[in-house]
Each structure stands twice: as C-alpha cells, then as structure tokens.
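Let me begin by presenting the structure, written as structure tokens, before commenting on it.
The values are calculated or read from the model by the stated rules, or taken from the named source; none is laboratory data. Every value quoted in this text rests on a predicted model; they were computed, and no experiment measured them. Cβ placement follows ideal geometry from the backbone for every residue including glycine, while neighbour counts extend to all protein chains displayed. All accessible areas refer to the heavy atoms of the entire protein, side chains included, with ligands and DNA or RNA removed. Shrake-Rupley method; radii C 1.70, N 1.55, O 1.52, S 1.80 Å.
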Amino acid sequence: MKHTKATQLAEERIHRLFELAEQELGKKPERSKRYVHIARELSKKHRVRMSREMKKKFCKKCGAYLKKGKNSETKTIGTLTIVKCIECGFERKTGDKPKQ
Ligand SMILES: [Zn+2]
C-alpha cells in the first residue's frame, strides 16, 4: 500500500492521541478512553495499521488505555504474553502460540 500524506498524518495523530490517553489516565479515565476511541476510529478510517506495541496499549473490549501496574496486568506463559485489563477483565493474548 502506498503511504500517502493523509495516512502519515493519521498515523501521527494516532500516536499523539495515545500519548494524551496515557497522560489523562490517572486524572480523567473517561477522557482517556475517548482518546483511544478516536485513535481507533482514525486507524480504521485511514486504514492505518497499529503496531503490535500499540495494540497492547489498550483494551479491545472496553477501550481503556492500559498501563502496567495501574489498570493492567501482564503475564507471560512461554512465548505468549497475556495482557489483562483490570477494568473489564478482558485478556488479550499476544505473541507466538506455543507449538503444538
Ligand atoms: Zn477492558
């Protein structure tokens, strides 16, 4: 896919929104969620792929920005990383699945 100016701009905005979401997490959790929501909408609209690292930063289910030791827990089982959202209890598994 060609990287257009619009996509690049959307990417930058997504990064910025994640930064804001992190900053607001302790003070205004609702606003923090809103920033994540806007970032996800932008990603869909402009078909900007979020990196693995970015996907780990929010809860797919409730949309909360996740911060380790604050509202998320991380467990590692073998090569699998499980990020749990304390707010809604959703667990996201990332990494390579164990070989069968
Ligand atoms: Zn959640």
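Couple of notes before you dig in:
Residue by residue, here is whether (1) closer than 19 Å to residue 30 by Cα; (2) touching a strand residue (DSSP E or B) at 6+ places or on another chain (Cβ under 7 Å) holds:
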residue	(1), (2)
44	no, no
49	no, no
67	yes, no
70	yes, no
73	no, yes
82	no, yes
92	no, yes
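- Taken together, the residues in the range 82-100 that are more than 14 Å from the ligand (Cβ to nearest atom) and either touching an Asp or Glu at 6+ places or on another chain (Cβ under 7 Å) or more than 22 Å from residue 40 (Cα to Cα) (or both) amount to 5.
- If you filter the range 13-50 down to residues that are open to solvent by 80 Å² or more (accessible area, probe 1.4 Å) and of a type in the set (Asp, Glu), you find that the one that is farthest from residue 86 (Cα to Cα) is 41.
- In the range 51-76, the residues that are modelled with pLDDT under 90 and open to solvent by 80 Å² or more (accessible area, probe 1.4 Å): 52, 53, 55
- Out of 67, 75, one residue alone is within 16 Å of the ligand (Cβ to nearest atom) and within 13 Å of the chain's Cα centre (by Cα). It is 67.
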